[in-house]
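Trainee: Submitted below is the structure of interest, expressed as structure tokens.
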Amino acid sequence: MVPAPVGFQCASCVKEHTKTTRQHQGSYGGSISANPRLTSIVLIAINVAIWGIIQMTAWAKVQYFVIQFLGLLPRGLCVVADQPGAYYPDLTKNACQRIAEGHWVPGIADGAWWQIFTSIFTHVAITHIALNCLCLWFLGPPLESLLGRLRFLVTYIVSGIFGSLAVYWLSSETSLTYGGSGSLFGLMGCLLVVLWLRKSDVRQLLMWLGLNVMITFIGGSHISWQGHLGGLVGGALLGCIWGLVPAGQNRDRTQWILIGTALVLLALGLGLRTWVLVSS
């Protein structure tokens, strides 16, 4: 027997408890981050770096083509090389290549699958990236402190992919969409679910979310409500996966199986939308 704060404990029982208890583990299975701001800082740096590269391409007069390459374009377009924003409707890639001033920009349906991911980190206007990075700075550290670094990063990226899928399905086939707002709405959705499950006060977060939803729908056609909605739903779903799986020996495995299932469903959704566009 060994002394304990109250009475005595069996030495072998203490040893077994130490073996079976994971140290430095967060409430939802993730390892506690020593610096919960670090991931947000890295994500902000990536966004700013890509934004800076896009700004530098303006000197070479290829900025618009770089934005089209990185942004989300559901279906390929034949654009006018010297007139940014102008394009030839309903032209195939082969027909576009026969036009002297035509330039073919591929979309997801044409095989540009990277746009599902790269569009999350693409910004052009300085106000756009500044607001998104500011939101990430406020939302990221509190959520990472609850989930741990890996789960937070997965939430950010997968929420953004949910937003991309919603844009792919619900926006115009010729629309170009980019920005990290889908991921940020995902962080809000995930944080709302996690705090609600912890029975924390979510009134301030609800007010912030409500304000952003209002801006989404009254802010004009340049704001992608599709991406915001998809990100919010995806983030809330991830919050349920992190928060509702009960603690126990199989919690981590169950959580990652559910995340894998969500990714498979995303892939199926992308494949089905591509089939619809290619067949039409």
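Trainee: At a 10 Å Cβ-Cβ cut-off, how would you order H222, H123, H103, fewest neighbours first? Kindly include the intermediate steps, with their values, before the conclusion.
Mentor: Numbers: H222 8, H123 25, H103 17.
Going from least to most buried by this count: H222, H103, H123.
Trainee: Let me ask another. Return a whole-number percent for the relative contact order of segment 38-279, with Cα pairs under 8 Å and 6 or more residues apart as the contact set. Write out the running numbers ahead of the final one.
Mentor: Numbers: 361 pairs, mean separation 49.3, N = 242.
About 20 percent, as a whole number.
Trainee: For helix 225-244, what angle does its Cα long axis make with the longest principal axis of the chain, in degrees from 0 to 90 and rounded to 10?
Mentor: That helix lies at roughly 20 degrees to the long axis.
Trainee: Could you work out the mean projected area of the convex hull around the alpha carbons of the chain, in square nanometres to one decimal?
Mentor: Mean shadow area of the hull around the Cα atoms is 17.9 nm².
Trainee: Tell me the mean residue ellipticity at 222 nm calculated for the chain from its helices only (DSSP H runs of n ≥ 4, each -39500 (n - 2.57), averaged over every residue, nearest 500).
Mentor: Value at 222 nm, helices only: -20500 deg cm²/dmol.
Trainee: Give me, ordered by chain and number, the residues 5 or more places off L77 or on other chains with an amide H under 5 Å from its own placed amide H.
Mentor: Under 5 Å from the amide H of L77: V105, G107.
Trainee: Measure nothing fancy, just the Cα-based angle from helix 251-279's long axis to the longest principal axis of the chain, in degrees from 0 to 90, nearest 10.
Mentor: Between the helix axis and the principal axis of the chain, the angle is about 10 degrees.
Trainee: Taking every DSSP beta bridge with both residues inside the chain, roughly what % is antiparallel (nearest 5)?
Mentor: 100
Trainee: List the residues whose amide H sits under 5 Å from the amide H of Y28, counting only those 5 or more places along or on another chain, with H placed 1.01 Å from N in the peptide plane.
Mentor: Under 5 Å from the amide H of Y28 lies no amide H from a residue far enough along the sequence or on another chain.
Trainee: Kindly put S119, S164, S31 in sequence by how many other C-beta atoms sit within 10 Å of each C-beta, fewest to most.
Mentor: Numbers: S119 27, S164 30, S31 15.
Exposure proxy ranking, most exposed first: S31, S119, S164.
Trainee: Any chance you could give the angle, 0 to 90 degrees and rounded to 10, that helix 181-197 forms with the longest Cα principal axis of the chain?
Mentor: Helix 181-197 and the main axis of the chain meet at about 20 degrees.
Trainee: Fewest Cβ neighbours within 10 Å first, please rank C135, C190 accordingly.
Mentor: Listed from fewest to most nearby Cβ atoms, that is C135, C190.
Trainee: If you don't mind, another one. Going by amide H atoms built from the backbone, whose H comes under 5 Å of the H on Y87, apart from near neighbours?
Mentor: V80
Every number here is computed from the coordinates shown, using simple stated rules; none is lab data. Source: prediction; values computed, not measured. FYI the Cβ positions are ideal-geometry reconstructions off the backbone, even for glycines, and counts take in every protein chain you see.
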